[in-house]
1. On average over all directions, what projected area in square nanometres does the range 104-147 have, based on the convex hull of its Cα atoms?
2. Extending each Cα 7 Å along its Cβ direction at ILE185 and SER104, get the distance between those two points in nm, one decimal.
3. For labels at VAL41 and LEU171 in the simple 7 Å Cα→Cβ model, what's the distance in nm?
4. Put +1 on the Cβ of each Lys and Arg and -1 on the Cβ of each Asp and Glu in the range 121-181; which of VAL173, LEU142, ASN157 then has its Cα farthest toward the positive end of the dipole?
5. Using +1 on the beta carbon of Lys and Arg, -1 on that of Asp and Glu, and nothing else charged, what's the dipole of the range 90-146 about the Cα centre, debye to 20?
6. How far is the Cα center of the range 41-92 from the Cα center of the range 101-155, in Å?
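Where a number appears in this text, it was derived from the coordinates with a stated rule and is not lab data. On a predicted model such as this, the values are computed, not experimentally measured, just so you know. Cβ: placed from backbone, ideal geometry, glycine included. Neighbour counts: every protein chain shown.
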Amino acid sequence: MPEQCADLTREQSSVLRNSLWPAIALPFLLIAIPAQAAVYVTTGAVYSEFDDTNNTTELAVPVRVRKTGNNFSVAAGNYWLEGDGYSGIGDLVVAASLYDVFYSPSANIGLNLQGSIKFPTATDDIGSGEMDEQIGFSVYHLRENITWYGSSDYRFNGENSDYEYEDSLLLSVGFVAQPLTNTSIGVFYDYEQEQSDAAYSNSQLFLFAGTRLNNTVALRPFASFPLSNSSVSDASAFSIGLLIDVRLSR
């Protein structure tokens, strides 16, 4: 699901110096993952309109590298952001997942674990300027050509001298269906707990489709729509985008 940024003023020079080398080194750790894994590169474009007093708009170009094995995946990604009055590189996010930690063949129910770390590598006025950690799990149930999902994540937001963000709970429920060979569609409801007394909890409807053009390239158009009031600083009213997955190894 795509990741979004707040337009914040921050003191980042010392934080950036401390996190720069780990941020540069972590993507290269993907190479050290066992060879029995496929490597994917994802890019594309995401357009967002924010529900704030200035009707802010953004265009993001993400780049993400993912290595996936039979029961795990690791990934590192960043993006270039162009907004109203600001532009630059966003925060680096490194994520890992373990698939089928528990699986019941008779019930077609499985449990996955996931976690991520956000490093404050963004240029001025983009991101919170702090390191965030997130952990969670997801449960799925496969029934014919539809897979039902439910997930729960908890994000530990870093402390910021200008803005105080509380840790927050994230929930998601939805399904992915495969009506045709090499084609899938999905609908998810996402909820995010409010991060401060002055903010609102956020919820959205996320729609996407995926089609594999060949053994190397897949396209994933998507859109998200708000379902509740949002905090002025960090919630997108509407987003639409297209992601392109390229498989580099088999």
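1. In nm², the orientation-averaged hull projection of the range 104-147 is 4.7.
2. Each label point lies 7 Å from its Cα, and together they span 3.0 nm.
3. It is 4.0 nm.
4. LEU142
5. Numbers: 2 positive and 8 negative charges, 82 e Å.
So the dipole magnitude of the range 90-146 works out to roughly 400 debye.
6. So the two Cα centres are separated by 17 Å.
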